[in-house]
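Okay, so here's the structure we're looking at.
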Amino acid sequence: MLNIVIFGAPGSGKGTQSAKIVEKYGLDHISTGDVLRAEIAKGTELGNTAKALIDHGQLIPDELMVEILASKLDALSGSKGVIFDGFPRTIAQAGALKSMLNERGEDVTAMIELDVPEEELMVRLLKRGEESGRADDNEETIKKRLVVYAEQTAPLKDWYKNDGKHCYIKGSGELDRIFADIVAAIESKI
Ligand code: AP5
Ligand code: MG
């Protein structure tokens, strides 16, 4: 199985590039942000808990996220592999993902880091906020998300370097060039 972690700051293009990776490799896509937004839309208890945190740019607690991810993995059958979008976001989540995959005789194949300058992230997300109305795409919340990324999530780059899975991709510029770089990185790890 091909298990890809797509990684990067808010607005770095994880969702955009995941769609292209899914199309090429036929993988299942698990976006934890999408899962949480669906729960919010349904008005579930989990959704209410998530909304309060997402609106403030904060992370959902690790235990809860790991539980959600495990249930998504269990629900897959006959999968060719998974693209993990927005998970892991903390060292604890990275360790939990490795254990969950190892228990299934699997591992992460590659961690793809999309690197985009902060000024560009802000421009992209403010624009998306105007167009799609995603509740956390406003200047105040974006700033908090970027701080949380730098403090809690960016350390995962070194974690995955130590695990031999990290691939660096310049995440600004043409979508197709970025995608070609991602494909080359994935192929180098297969
Ligand atoms: P999540 O939904 O994962 O949001 P995020 O990480 O902030 O990232 P985005 O989805 O905003 O951006 P993206 O990287 O997918 O970029 P996109 O392709 O959309 O998480 C939301 C919240 O949920 C978190 O803040 C947290 O509270 C919670 N959460 C989720 N997972 C969690 C976890 N594991 N643990 C704890 N809490 C969790 O692109 C962005 C925009 O840029 C788009 O408009 C796109 O069209 C444009 N764009 C893309 N590529 C380019 C390009 N090359 N050039 C120009 N524009 C581009
Ligand atoms: Mg996304």
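Quick check on the range 92-114. Is at least one of its residues over 21 Å from VAL5 (Cβ atoms) and in a loop (DSSP other than H, G, I, E, B)? No, every residue in the range 92-114 fails to be over 21 Å from VAL5 (Cβ atoms) and in a loop (DSSP other than H, G, I, E, B). Filtered by the rule that a residue be over 15 Å from GLY11 (Cβ atoms), in a helix (DSSP H, G or I) and within 11 Å of ligand 1 (Cβ to nearest atom), the range 168-180 gives ASP176, ARG177, PHE179. Taken as a whole, the range 119-135 holds no residue that is in contact (Cβ under 8 Å) with a residue 60 or more places away in the chain and more than 16 Å from ligand 2 (Cβ to nearest atom).
Scan the range 116-167 for residues that are of a type in the set (A, V, I, L, M, F, W, C), assigned to a loop (DSSP other than H, G, I, E, B) and in contact with a strand residue (DSSP E or B) (Cβ under 9 Å, 6 or more places away or on another chain) and the total you get is 1.
Assessment of the range 10-25 against the conditions (closer than 23 Å to SER172 by Cα, over 11 Å from the mean Cα position of the chain (by Cα) and without any contact (Cβ under 8 Å) to a residue 40 or more places away in the chain) yields at least one matching residue.
Scanning the range 53-86 for residues being assigned to a helix (DSSP H, G or I) and within 10 Å of ligand 1 (Cβ to nearest atom) gives a total of 8. Quick one: is LEU175 touching a helix residue (DSSP H, G or I) at 6+ places or on another chain (Cβ under 8 Å), in contact (Cβ under 8 Å) with a residue 24 or more places away in the chain and surrounded by 14 or more Cβ atoms within 10 Å (Cβ to Cβ)? Judged against the criteria, LEU175 is not a match. Summed over the range 58-80, the residues that are in contact with a strand residue (DSSP E or B) (Cβ under 8 Å, 6 or more places away or on another chain) and within 22 Å of LYS157 (Cβ to Cβ) give a count of 1. So, ASN3, is that one without any contact (Cβ under 8 Å) to a residue 24 or more places away in the chain and more than 10 Å from ligand 1 (Cβ to nearest atom) or not? No, not satisfied. Of all residues in the range 132-146, those satisfying the criterion of being more than 11 Å from ligand 1 (Cβ to nearest atom) and at pLDDT 95 or above are ASN138, GLU139, GLU140, LYS143. (1) within 17 Å of LYS165 (Cβ to Cβ); (2) loosely packed, with under 15 Cβ neighbours inside 10 Å: which one isn't true of ASP74, the others all being true? For ASP74, the exception is condition (1).
Taking the criterion of being near ligand 1 (Cβ under 10 Å from one of its atoms) and among the charged types (D, E, K, R), the residues of the range 21-52 that qualify are ASP34, ARG37, LYS51.
No other residue among LYS170, LYS165, LYS127 is in contact with an Asp or Glu (Cβ under 9 Å, 6 or more places away or on another chain) and surrounded by 14 or more Cβ atoms within 10 Å (Cβ to Cβ) apart from LYS165.
For the range 77-110, the set of residues classified as within 16 Å of ligand 2 (Cβ to nearest atom) and either without any contact (Cβ under 8 Å) to a residue 12 or more places away in the chain or over 21 Å from GLN58 (Cα atoms) (or both) consists of VAL82, ILE83, listed by residue number.
The values are calculated or read from the model by the stated rules, or taken from the named source; none is laboratory data. This is a predicted model, so every value here is computed, not measured. Because the Cβ atoms are built from the backbone with ideal geometry, glycine has one as well, and the counts that use them run over all protein chains shown.
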